[in-house]
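One structure is given here, and the rest of the page talks about it.
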2 protein chains.
Amino acid sequence: MPATNAALEKWSAVESYLKAGEGRFLDELKNLIRIPSVSAQPAHNDDTREAAEFVRDDLTRSGMKAEIVETAGHPIVIGRSPHVDGQPTVLVYGHYDVQPAEKADGWATEPFEPVEKNGNLYARGATDDKGQFYTHLKAAEAWMKAGGGLPVNVVFLIEGEEEVGGANLEKFFAEKAGELACDYAVISDSSQWAPGVPAVTYGLRGLCYLELLVQGPKTDLHSGMFGGAVANPLNALCKIIASLHDDKGRVAIEGFYDDVAPLADWERAEFAALPFDESAFREVLGVKELTGEAGFTTLERKSARPTCDVHGLWGGYSGPGPKTVLPAKAGAKLSFRLVPNQDNRKVADAFRKHVAKVCPLGVTYEIIDHHGAPGVVVETDTPGMAAARRAIDVAFGREPVLVREGGSIPVVGLIKDHLKVDTLLLGWGQNDDNLHAPDEKFSIADFHRGIAASARFFAELAR
Amino acid sequence: MPATNAALEKWSAVESYLKAGEGRFLDELKNLIRIPSVSAQPAHNDDTREAAEFVRDDLTRSGMKAEIVETAGHPIVIGRSPHVDGQPTVLVYGHYDVQPAEKADGWATEPFEPVEKNGNLYARGATDDKGQFYTHLKAAEAWMKAGGGLPVNVVFLIEGEEEVGGANLEKFFAEKAGELACDYAVISDSSQWAPGVPAVTYGLRGLCYLELLVQGPKTDLHSGMFGGAVANPLNALCKIIASLHDDKGRVAIEGFYDDVAPLADWERAEFAALPFDESAFREVLGVKELTGEAGFTTLERKSARPTCDVHGLWGGYSGPGPKTVLPAKAGAKLSFRLVPNQDNRKVADAFRKHVAKVCPLGVTYEIIDHHGAPGVVVETDTPGMAAARRAIDVAFGREPVLVREGGSIPVVGLIKDHLKVDTLLLGWGQNDDNLHAPDEKFSIADFHRGIAASARFFAELAR
């Protein structure tokens, strides 16, 4: 860092403000969490709005120009710091909506009443994403209240449809790309590598999610009277799905690997250097063997190689005991995880062609294209990435590892498409935070470290 | 038939009795049907007993020695005609229990209140099996009341666990084989070939019903975070099931066809001669193509060749929209239809060996053996078969066709094993009688023709 960075000279005042504010920040986060802003359930529409208003008011109190923007669904909150000439602009993305949660799902405590236990905050939204995005609001507040204003330009975009994959955000990006112009986007909605090992995620897999419906006879038949003479849609479905992989664990669809960007040597070295205990991993999963595409390691397979997984199968009788039905219908949900430079629409087309080729005689089928996102990797040698790594080093006491994650964050693709910038994925969570599951949690220490890292990042980024 | 058959000389008296009794026989059948003797539902245990008592009392009124034999489950009714020296003994098997039925399942009328419509009697149990087995009780009654006694020895065995596959009947056969000694068994629990085309079924397929449970990781995982590195039990299940057939539609399990008795030339000729319109059949099923084992016709495939059908698949997410779960478990129910001389236990073993060979790495599995029955064909050139064919010719006005059916009637195997005799399958039903479904029906004319055929059969069989 340059010794002449004016922002860094104000760092100790900001740091003191953050230290003094810790208790209040956590109380405020708890209040945000208590709003059950479940985007999937219309009964909670008042709550999603209340969460949006909470975020807008918080930004306003810190001195931002904040507003609620209506969409066809849940509103988007936009906040802007006072303009600073000659400094880069950062777009901070987050989402105030949460997954559904009921205590009866298996929660130890009420999901919307945050509870502190063993250094963690337990509640729906604790890590996904209220606890994580709120770190940036508190970091900005510290600069506004104690540092003489933010040293860079910050635009907050906190939306309410991340958990329902709504199309409204894309529409918003398409319409407002000019107003959202920035140099970097920042998202904290992912995980560290492990406790004590912070990470910056530079790659995400994309997704092509499809549903395959197979129709045999128009009604269920008795397998004794008809079996052997009429194609069985369950057998046919299995034939189609089995044909999607070859014996080497590779996806056996023509052209599937054509656009796959190969892993660079430095990436494979980085993967190999990550602290990872394969036998402990097997133990946690409860499996005797790990399998996947031949020629790649477990970490490469689960984060940097494309895959095909079936998510659901159904058809016929699944109750107790035997029933000799030859069913009319069968179905499967499946997806392909994609890596750069695979295009999800192209993969969906290749799947269609493949099914047309392998579908057994005597059944018909329909393919539903659910949604998709391309795989992304971001540049790792930019000033923004360097600033983020230094900030995390300061706040977490350890240089972050660079990782690629196997999941998808579709907004990263939208930002790339519409704003033409890379996203810095600064995840403060842990892999066992139970997101989308009962007993979701977030480390309280990581919450405060995340705030400090965000505040430091703004300073490191200032010229 | 020999002109000296004493029984046939009494035929006209029996025939008159049958004609005069038609209305009463139908009323009595309706009373039997009104007892909701659903064996699967313990709430109906009083009803199954009432049905057994109804049958016992009916037999007693006709002059049989009838009794209720307790089992660990629903009781068995045994009735015996007065002994006739030097004449063969016929065991008539039937079952008084019925499948569950609720009007809400889609019935046009109350399932246990029989309704006459278009010449049919609509009710649960109308054809399966109350209406069919009751024909033999009324035929016997006619001989007892108007013919001077039955011309042959008849043992009635009417049980109450056919619809639940109870093990109590097998135990009964094992213990009482001596008391049940007979020359032929007769069962009316199947169908004619078509309206106006009566049939004698001389072959049934057997069954080997299995359930395959596949376990991957011990809990559901996120497919983004783990997909590609951890075996997916749904994909694995599809691989296993797809491996069960080859490209010719043959079962691809080693040794599966080893014991299969080939179709005789006369059987293939009989199949080819049956009135069967393949395009009408496709139309009814709503399929564009009929498929199956290469080298066999549709009728051969569905009734005289062994098969493998999946009856149910489950695992993962099947609700609306996408969910990117990599599930812990998957399962399938499947069965093999067997033909003589396949042994269901041997087929189950071959399946186990096959799965052990093809199961993908990274998952474990369990196989549950539900139940089974060997395939059977009965001798077609016996005096009993000749008597049955002549009797049907007289009562239905047309010589019956000889057919093999694709379904299984496990009691035929029990009778062969324990009593060492063949069963004559004299079905009075039609293929569209909706057995096990709403709006079950039985042709009233066929009910009376069945009674007449049974009565004539006893005469034809007498020496």
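The values are calculated or read from the model by the stated rules, or taken from the named source; none is laboratory data. Remember, predicted model here, so these are calculated numbers, not experimental data. Neighbour counts are summed over all protein chains in view; Cβ atoms, including those assigned to glycine, are modelled from backbone coordinates with ideal geometry.
Residues of region A:254-268 that are at pLDDT below 95 and not in a loop (DSSP other than H, G, I, E, B): A:Trp266, A:Glu267. Pairs under 8 Å by beta carbon, first residue in the same structural domain as B:Gly63 (by TED's automatic domain parsing) and closer than 12 Å to B:Val411 by Cα in region B:151-162, partner at pLDDT below 95 and among the β-branched types (Val, Ile, Thr), six or more apart or different chains? Between residues of region B:151-162 that are in the same structural domain as B:Gly63 (by TED's automatic domain parsing) and closer than 12 Å to B:Val411 by Cα and residues that are at pLDDT below 95 and among the β-branched types (Val, Ile, Thr), the close pairs are B:Glu162/B:Val411.
Residue count for region A:297-326, restricted to those that are more than 7 Å from chain B (Cβ to nearest Cβ) and either touching a strand residue (DSSP E or B) at 6+ places or on another chain (Cβ under 6 Å) or touching a residue at least 24 places away in the same chain (Cβ under 8 Å) (or both): 7. Across region A:165-179, the qualifying residues are those that are among the acidic types (Asp, Glu) and more than 21 Å from A:Gly206 (Cβ to Cβ), and the one among them that is farthest from the other protein chains (Cβ to nearest Cβ) is A:Glu179.
Can you name the residue in region B:230-256 that is of a type in the set (D, E, K, R) and within 30 Å of the chain's Cα centre (by Cα) and is also farthest from the other protein chains (Cβ to nearest Cβ) among such residues?
B:Glu254
With the requirement that a residue be modelled with pLDDT under 95, of a type in the set (A, V, I, L, M, F, W, C) and touching a strand residue (DSSP E or B) at 6+ places or on another chain (Cβ under 8 Å), what does region A:419-463 give you? The one that is modelled with pLDDT under 95, of a type in the set (A, V, I, L, M, F, W, C) and touching a strand residue (DSSP E or B) at 6+ places or on another chain (Cβ under 8 Å): A:Leu435. When the criteria are applied in full, A:Thr364 meets the requirement of being of a type outside the set (A, V, I, L, M), within 14 Å of another protein chain (Cβ to nearest Cβ) and over 30 Å from A:Glu293 (Cβ atoms). For region B:273-281, the count of residues that are in contact with an Asp or Glu (Cβ under 9 Å, 6 or more places away or on another chain) and within 13 Å of chain A (Cβ to nearest Cβ) is zero.
For B:Ala181, the stated conditions do not hold, so it cannot be described as among the small types (Gly, Ala, Ser), surrounded by 23 or more Cβ atoms within 10 Å (Cβ to Cβ) and in the same structural domain as B:Ser37 (by TED's automatic domain parsing). Only strands (runs of 3 or more DSSP E) whose full extent lies in region A:297-406 are considered here, and the ones with at least 1 residues that are charged (D, E, K, R) and touching a Cys at 6+ places or on another chain (Cβ under 9 Å) are A:329-338, A:364-373. Checking each residue in region A:166-176 for being surrounded by 14 or more Cβ atoms within 10 Å (Cβ to Cβ) and touching a residue at least 60 places away in the same chain (Cβ under 8 Å) picks out A:Gly166, A:Asn168, A:Leu169, A:Glu170, A:Phe172, A:Phe173.
Is region B:164-177 home to any residue that is within 22 Å of B:Thr382 (Cβ to Cβ), among the small types (Gly, Ala, Ser) and in the same structural domain as B:Asp97 (by TED's automatic domain parsing)?
Checking region B:164-177: at least one residue is within 22 Å of B:Thr382 (Cβ to Cβ), among the small types (Gly, Ala, Ser) and in the same structural domain as B:Asp97 (by TED's automatic domain parsing).
Restricting attention to region A:274-282, does a residue exist that is under 22 Å from B:Met225 (Cβ atoms) and touching a residue at least 40 places away in the same chain (Cβ under 8 Å)? The answer is yes; a qualifying residue exists. Count of region B:1-49 residues, restricted to those that are touching a Pro at 6+ places or on another chain (Cβ under 7 Å), over 30 Å from B:Ala72 (Cβ atoms) and charged (D, E, K, R), is 1.
One residue is enough: does region B:354-363 have a residue meeting the conditions within 25 Å of the chain's Cα centre (by Cα) and either surrounded by fewer than 16 Cβ atoms within 10 Å (Cβ to Cβ) or within 17 Å of B:Val200 (Cβ to Cβ) (or both)? There is no residue in region B:354-363 that is within 25 Å of the chain's Cα centre (by Cα) and either surrounded by fewer than 16 Cβ atoms within 10 Å (Cβ to Cβ) or within 17 Å of B:Val200 (Cβ to Cβ) (or both).
Go through the residues of region A:232-248 one by one and say whether even a single one is over 26 Å from A:Lys416 (Cβ atoms), free of Cβ contacts under 8 Å to residues at least 40 places away in the same chain and buried (at least 23 other Cβ atoms within 10 Å of the Cβ). Within region A:232-248, one or more residues are over 26 Å from A:Lys416 (Cβ atoms), free of Cβ contacts under 8 Å to residues at least 40 places away in the same chain and buried (at least 23 other Cβ atoms within 10 Å of the Cβ).
Given the structure, is B:Lys288 surrounded by fewer than 17 Cβ atoms within 10 Å (Cβ to Cβ) and either within 12 Å of chain A (Cβ to nearest Cβ) or in a helix (DSSP H, G or I) (or both)? For B:Lys288, the condition - surrounded by fewer than 17 Cβ atoms within 10 Å (Cβ to Cβ) and either within 12 Å of chain A (Cβ to nearest Cβ) or in a helix (DSSP H, G or I) (or both) - is met. Reported count of residues in region B:180-191, each being within 14 Å of chain A (Cβ to nearest Cβ) and among the charged types (D, E, K, R), is 1. For region B:431-441, the criterion of being touching a His at 6+ places or on another chain (Cβ under 8 Å) and closer than 24 Å to B:Ala391 by Cα is met by no residue.
Working only within region A:113-134, note down all residues that are assigned to a loop (DSSP other than H, G, I, E, B) and among the acidic types (Asp, Glu).
Answer for region A:113-134, where residues must be assigned to a loop (DSSP other than H, G, I, E, B) and among the acidic types (Asp, Glu): A:Glu113, A:Asp128, A:Asp129.
Considered as a group, the residues in region B:397-440 that are of a type in the set (Lys, Arg) and surrounded by fewer than 19 Cβ atoms within 10 Å (Cβ to Cβ) include one that is nearest to B:Ala167 (Cα to Cα), and that residue is B:Lys416.
Counting only residues that are touching a residue at least 12 places away in the same chain (Cβ under 8 Å) and surrounded by fewer than 18 Cβ atoms within 10 Å (Cβ to Cβ), which one in region B:371-385 is nearest to the other protein chains (Cβ to nearest Cβ)?
That would be B:His371.
A single member of B:Ala52, B:Ala66 is surrounded by 15 or more Cβ atoms within 10 Å (Cβ to Cβ) and touching a helix residue (DSSP H, G or I) at 6+ places or on another chain (Cβ under 7 Å), and it is B:Ala66. It is to be established whether one or more residues within region A:343-352 are of a type in the set (Lys, Arg) and under 11 Å from A:Cys208 (Cα atoms). Yes, because at least one residue in region A:343-352 is of a type in the set (Lys, Arg) and under 11 Å from A:Cys208 (Cα atoms). The single condition among (1) buried (at least 24 other Cβ atoms within 10 Å of the Cβ); (2) in the same structural domain as B:Ala332 (by TED's automatic domain parsing) that B:Lys130 does not meet is (2).
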